[in-house]
Amino acid sequence: MTSPIDTEGGGASVVASGELRPEPGAQAVELAGRSPGRLMWLRFRRDRTGVVCAVVVIGYFVVALLAPLLVRLPGTDPYTLYGQDPTYADHPVLDEFGLPLGYLGGVSGEHWFGVEPQYGRDLFAMLLYGMRTSLYMALGITALIMLTGVVIGLVGGYFGGRTDYWIGRGTDFFLSFPQQLFFIAFMPVVTSFFVDPREETPTYFRAVAMLIVLWLLGWMGMARLVRSTVLSLREREFVEAARVSGASPWRIVRKEILPNVVTPILVQFTYQLPSTILSIAFLSFAGVGFVEPTPDWGRLFAAGARYAEQDPAFMFFPGVALVIFVLCFNLLGDSVRDAFDPKSGR
């Protein structure tokens, strides 16, 4: 009988047969695998630019959500005409020419970002409420655009043939519309069908009309992106294996293809949202979006253009806020793309 030969410090013994047996009490080392989502998060967390931009973007949405509470700090609101209301005659904010008193557009302890010329409305409150209007409306429109584009792209890319042909022709039809001109021309047409021209168009109706117009003319890029990705995926081995095993088309799309198009969808979302905000601002700037007295980012720029010569400071805070948001969201999109890309050097 051969006695076992102990290995020094290995926590196991080797017998004559060559079998490795663990010593009693020895700890087994487990190598835990990391999911793609976990790897993505680890890569993103190492990107300081992406993390900072994510914090800034989330901060914008939080500030917009808490706008009614934040404007209570200086005790203002976006609708009161502080320059014309007799209640505030003891604390004038405008001079005899209707221009803000003080420096940088009337910045003071009560009006942190100054006031609007001619009317005296508080710019801090107008900006926060305007951010709330633009951000959350753009979020809803972008979600609809993403959902429509993903569904149409998946159907056209996976089924191909006549289905893909007619979907492609429908996409080309919508792409043929000049978006900027169509926005300006179509908005009054939509409102005239449902609202008497002698009556004021309700704010909720303007919001719905903008949602419909931006949604109908915004899903095509997402659909083409998803379609091109699905066309390259549907011939891959894992999709063929699922098809041979008898899986239904719905299951193949949901289980095999959709998880592999999450990356371009998320990246496109980070670019689509700032673009939608700029489109909403453009409609309000052109006078076919939100109008007085609804606070909106675009309306602030339209007002700033009128006051540019008398009060150039009025454009400063809304402009800086919009530039920072769009820049951070675009940089966040780059960071998300790099985090998902295993070949990235970042």
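Given the criteria at pLDDT 85 or above, aromatic (Phe, Trp, Tyr), open to solvent by 60 Å² or more (accessible area, probe 1.4 Å) and not in a helix (DSSP H, G or I), does residue 112 qualify? Step through it out loud before you land on a result.
Working: at pLDDT 85 or above: yes; aromatic (Phe, Trp, Tyr): yes; open to solvent by 60 Å² or more (accessible area, probe 1.4 Å): yes; not in a helix (DSSP H, G or I): yes.
For residue 112, the condition - at pLDDT 85 or above, aromatic (Phe, Trp, Tyr), open to solvent by 60 Å² or more (accessible area, probe 1.4 Å) and not in a helix (DSSP H, G or I) - is met.
Going by the structure shown, is residue 69 open to solvent by 30 Å² or more (accessible area, probe 1.4 Å), of a type outside the set (Val, Ile, Thr) and in contact (Cβ under 8 Å) with a residue 60 or more places away in the chain?
Criteria not met by residue 69.
Based on this model, can you work out whether residue 92 counts as in contact with a Phe, Trp or Tyr (Cβ under 7 Å, 6 or more places away or on another chain) and open to solvent by 20 Å² or more (accessible area, probe 1.4 Å)?
Values: in contact with a Phe, Trp or Tyr (Cβ under 7 Å, 6 or more places away or on another chain): no; open to solvent by 20 Å² or more (accessible area, probe 1.4 Å): yes.
Judged against the criteria, residue 92 is not a match.
Could you check how many residues of the range 115-133 are open to solvent by less than 60 Å² (accessible area, probe 1.4 Å) and not in a loop (DSSP other than H, G, I, E, B)? Show your work before the answer.
Restricting attention to the range 115-133, the residues satisfying the condition of being open to solvent by less than 60 Å² (accessible area, probe 1.4 Å) are 115-117, 120-131, 133.
Restricting the remaining residues to those that are not in a loop (DSSP other than H, G, I, E, B) gives 115, 122-131, 133.
Number of matching residues: 12.
Looking at (1) in contact with a Phe, Trp or Tyr (Cβ under 7 Å, 6 or more places away or on another chain); (2) open to solvent by 20 Å² or more (accessible area, probe 1.4 Å); (3) free of Cβ contacts under 8 Å to residues at least 60 places away in the same chain, can you tell me which one residue 163 breaks?
For residue 163, the failing item is (1).
Kindly list, by first and then second residue, each pair from a residue in the range 194-219 that is farther than 10 Å from residue 144 by Cα to a residue that is among the charged types (D, E, K, R) and assigned to a helix (DSSP H, G or I), limited to pairs with Cβ atoms under 6 Å and residues at least 6 apart or on different chains.
Qualifying pairs under 6 Å: none.
Mind checking whether some residue in the range 324-334 is charged (D, E, K, R) and open to solvent by less than 20 Å² (accessible area, probe 1.4 Å)?
Just the residues of the range 324-334 that are charged (D, E, K, R), to begin with: 334.
Pick out the ones that are also open to solvent by less than 20 Å² (accessible area, probe 1.4 Å) and you get none.
Among the residues of the range 324-334, not one is charged (D, E, K, R) and open to solvent by less than 20 Å² (accessible area, probe 1.4 Å), which makes the answer no.
Any residue that is open to solvent by 90 Å² or more (accessible area, probe 1.4 Å), at pLDDT below 75 and not in a loop (DSSP other than H, G, I, E, B) - is there at least one of those in the range 28-46?
Yes: one or more hits.
If a residue has to be among the aromatic types (Phe, Trp, Tyr) and within 23 Å of the chain's Cα centre (by Cα) to count, how many in the range 296-332 make the cut?
Residues of the range 296-332 among the aromatic types (Phe, Trp, Tyr): 297, 301, 307, 314, 316-317, 325, 329.
Of the ones still in play, those that are also within 23 Å of the chain's Cα centre (by Cα) are 297, 301, 317, 325, 329.
Final tally of qualifying residues: 5.
Yes or no: residue 104 under 30 Å from residue 125 (Cα atoms) and at pLDDT below 90?
Values: under 30 Å from residue 125 (Cα atoms): yes; at pLDDT below 90: yes.
For residue 104, the condition - under 30 Å from residue 125 (Cα atoms) and at pLDDT below 90 - is met.
Quick one: would you say residue 263 is open to solvent by 20 Å² or more (accessible area, probe 1.4 Å), under 15 Å from residue 146 (Cβ atoms) and more than 21 Å from the chain's Cα centre (by Cα)?
Numbers: open to solvent by 20 Å² or more (accessible area, probe 1.4 Å): yes; under 15 Å from residue 146 (Cβ atoms): yes; more than 21 Å from the chain's Cα centre (by Cα): no.
In short, no.
Considering 162, 121, 169, which residue is of a type in the set (Lys, Arg), over 14 Å from the mean Cα position of the chain (by Cα) and closer than 16 Å to residue 219 by Cα?
Working: 162 fails: closer than 16 Å to residue 219 by Cα; 121 fails: closer than 16 Å to residue 219 by Cα.
So the residue among 162, 121, 169 that is of a type in the set (Lys, Arg), over 14 Å from the mean Cα position of the chain (by Cα) and closer than 16 Å to residue 219 by Cα is 169.
What number goes with the only condition from (1) assigned to a helix (DSSP H, G or I); (2) free of Cβ contacts under 8 Å to residues at least 40 places away in the same chain; (3) over 15 Å from the mean Cα position of the chain (by Cα) that residue 49 does not pass?
(2)
Look at the range 283-315 and say how many of its residues are open to solvent by less than 50 Å² (accessible area, probe 1.4 Å), among the charged types (D, E, K, R), outside any helix (DSSP H, G or I) and farther than 16 Å from residue 208 by Cα.
1
Which ranges mark the helices (runs of 4 or more DSSP H) fully within the range 135-234 that have 3 or more residues being modelled with pLDDT of 90 or more and touching a helix residue (DSSP H, G or I) at 6+ places or on another chain (Cβ under 9 Å)?
In the range 135-234, 161-175, 220-233 are the helices (runs of 4 or more DSSP H) which contain 3 or more residues that are modelled with pLDDT of 90 or more and touching a helix residue (DSSP H, G or I) at 6+ places or on another chain (Cβ under 9 Å).
The values are calculated or read from the model by the stated rules, or taken from the named source; none is laboratory data. Model, not experiment: these values are computed from the prediction. Positions of Cβ are generated from backbone atoms using ideal geometry, with glycine treated the same way; all protein chains shown enter the neighbour counts. SASA here: full protein model, heavy atoms, side chains in, ligands and nucleic acids out. Shrake-Rupley method; radii C 1.70, N 1.55, O 1.52, S 1.80 Å.
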